[in-house]
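Heads up: the structure comes next, in structure tokens.
The values are calculated or read from the model by the stated rules, or taken from the named source; none is laboratory data. Keep in mind it's a predicted model, so treat the numbers as computed, not measured. Every residue, glycine as well, gets a Cβ built from its backbone with ideal geometry; the counts of neighbours run over all protein chains shown. All accessible areas refer to the heavy atoms of the entire protein, side chains included, with ligands and DNA or RNA removed. Shrake-Rupley method; radii C 1.70, N 1.55, O 1.52, S 1.80 Å.
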Amino acid sequence: MRDDLRISSANDVTLHVEDFGGDGPPLLICHATGFCGGAYAPVAAALTHRFHVYALDFRGHGRSDPAPGNDCSWHRMAEDVHAVATTLDPSGVAVFGHSMGAAAALIAETRWPGTVRAAYVFEPALLADTDERPDPTAFVARTRRRMSRFSSRGLAGERLRQTPTFAGWADESLRAFLDHGFRETEDGSVELRCAPETEAACYASGAERTGVIDVAVPVTVAVGTEPDQIRAARSARILADTLPTARLVVHRGTTHFGPFERPGEIATAAVEALAF
């Protein structure tokens with residue numbers, strides 16, 4: 001792996017960007033809420049034969065600066081995508097986006113056309129106009145209570161495997177998250193780099209409407225078929241139906257966390273979608 005990058009974004013936030021190397025035009029991985037760019041290392045490894053792959057850590061996540069005022073709105077995340085993409089290539093980058101990261105990339109291209117050349121987005125977390133605004137109160141409260149510190153990475157992995165979110169993850173995806181998504185503390189334990197309070201703020205922001213997505217670049221909208229995140233999949237399908245430049249791809253047997261469950265399959269689909 002090459003030296004990582006530090007890139008300035010809005011509000012004097014400095015972002016950490018993983019450089020996975022590779023041959024070809026730049027591709028930017030934009031991660032889901034609560035995770036980090038390094039967690040997508042298995043996906044990145046399967047993309048480097050076609051692209052030079054980078055993965056950003058959004059503000060408040062991974063090794064990036066905290067979000068000032070814990071402002072984790074999708075528009076702030078879009079500013080992060082824009083800052084990194086235009087630094088990598090002012091003429092635009094290919095994007096692999098997941099959930100919040102997928103939404104942020106589409107918002108960035110809507111606000112600043114030319115940020116994205118083509119996008120593969122797995123269940124972008126966008127509130128469709130036909131969706132009733134959800135009440136995130138209970139989910140946000142549970143997130144704030146989430147266990148964030150463990151005595152070791154090994155124990156963290158064991159505990160995570162017992163939760164529905166991580167139960168179906170490929171072993172290499174879980175290892176990547178444990179390596180990149182946790183930091184060591186002075187007492188030898190490990191803690192999540194994205195604090196539960198930050199993750200909760202992201203979820204609260206995700207319940208807000210982000211405006212019409214209007215992009216002219218090719219967009220492949222990917223969805224899973226397992227109903228752990230029915231709203232995200234439904235909104236993604238609506239986006240694919242209403243966006244003239246979009247097409248829908250279904251990965252059967254995957255959940256909202258498909259990129260972590262089947263990184264090779266998802267990466268192969270992304271390469272096919274992003275050929276330009």
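Given the condition open to solvent by 10 Å² or more (accessible area, probe 1.4 Å), not in a helix (DSSP H, G or I) and not acidic (D, E), answer yes or no: does some residue in segment 151-158 qualify?
Yes, the conditions are met somewhere in segment 151-158.
Taking H75 and the conditions (1) open to solvent by 10 Å² or more (accessible area, probe 1.4 Å); (2) at pLDDT 95 or above; (3) under 22 Å from I107 (Cβ atoms), which numbered condition does it fall short on, given that it satisfies the others?
Looking at each condition in turn, H75 falls short on (2).
Only one residue in E261, E226, E265 is open to solvent by 10 Å² or more (accessible area, probe 1.4 Å) and modelled with pLDDT under 90, so which one is that?
Exactly one of E261, E226, E265 is open to solvent by 10 Å² or more (accessible area, probe 1.4 Å) and modelled with pLDDT under 90, namely E226.
Yes or no: segment 56-66 includes at least one residue that is modelled with pLDDT of 95 or more and more than 26 Å from R144 (Cα to Cα).
No, segment 56-66 contains no residue that is modelled with pLDDT of 95 or more and more than 26 Å from R144 (Cα to Cα).
Looking for whichever is over 30 Å from G69 (Cα atoms), at pLDDT 90 or above, assigned to a loop (DSSP other than H, G, I, E, B) and open to solvent by 80 Å² or more (accessible area, probe 1.4 Å) here; the options are A167, A216. Which one fits?
A216
Tell me the residue from D19, D65, D80, D57 that is among the charged types (D, E, K, R) and open to solvent by 40 Å² or more (accessible area, probe 1.4 Å), please.
D65
Yes or no: segment 221-229 includes at least one residue that is hydroxyl-bearing (S, T, Y) and either in a helix (DSSP H, G or I) or under 17 Å from the mean Cα position of the chain (by Cα) (or both).
Within segment 221-229, none of the residues are hydroxyl-bearing (S, T, Y) and either in a helix (DSSP H, G or I) or under 17 Å from the mean Cα position of the chain (by Cα) (or both).
For I107, are the conditions met, namely being in contact with a strand residue (DSSP E or B) (Cβ under 6 Å, 6 or more places away or on another chain), in contact (Cβ under 8 Å) with a residue 60 or more places away in the chain and either under 25 Å from T245 (Cβ atoms) or not in a loop (DSSP other than H, G, I, E, B) (or both)?
no
Could you list all residues from segment 248-276 that are in a helix (DSSP H, G or I) and under 15 Å from the mean Cα position of the chain (by Cα)?
G258, P259, F260, E261, P263, I266, A267, A270 - these are the residues of segment 248-276 that are in a helix (DSSP H, G or I) and under 15 Å from the mean Cα position of the chain (by Cα).
Return yes when D187 is outside any helix (DSSP H, G or I), without any contact (Cβ under 8 Å) to a residue 40 or more places away in the chain, acidic (D, E) and open to solvent by 20 Å² or more (accessible area, probe 1.4 Å) and no when it is not.
It is true that D187 is outside any helix (DSSP H, G or I), without any contact (Cβ under 8 Å) to a residue 40 or more places away in the chain, acidic (D, E) and open to solvent by 20 Å² or more (accessible area, probe 1.4 Å).
Cβ-Cβ under 7 Å, sequence separation 6+ or interchain: first residue in segment 7-26 and touching a residue at least 24 places away in the same chain (Cβ under 8 Å) and of a type in the set (F, W, Y), partner open to solvent by 40 Å² or more (accessible area, probe 1.4 Å) and in a loop (DSSP other than H, G, I, E, B). Which pairs?
Filtered contacts from segment 7-26: F20/M1.
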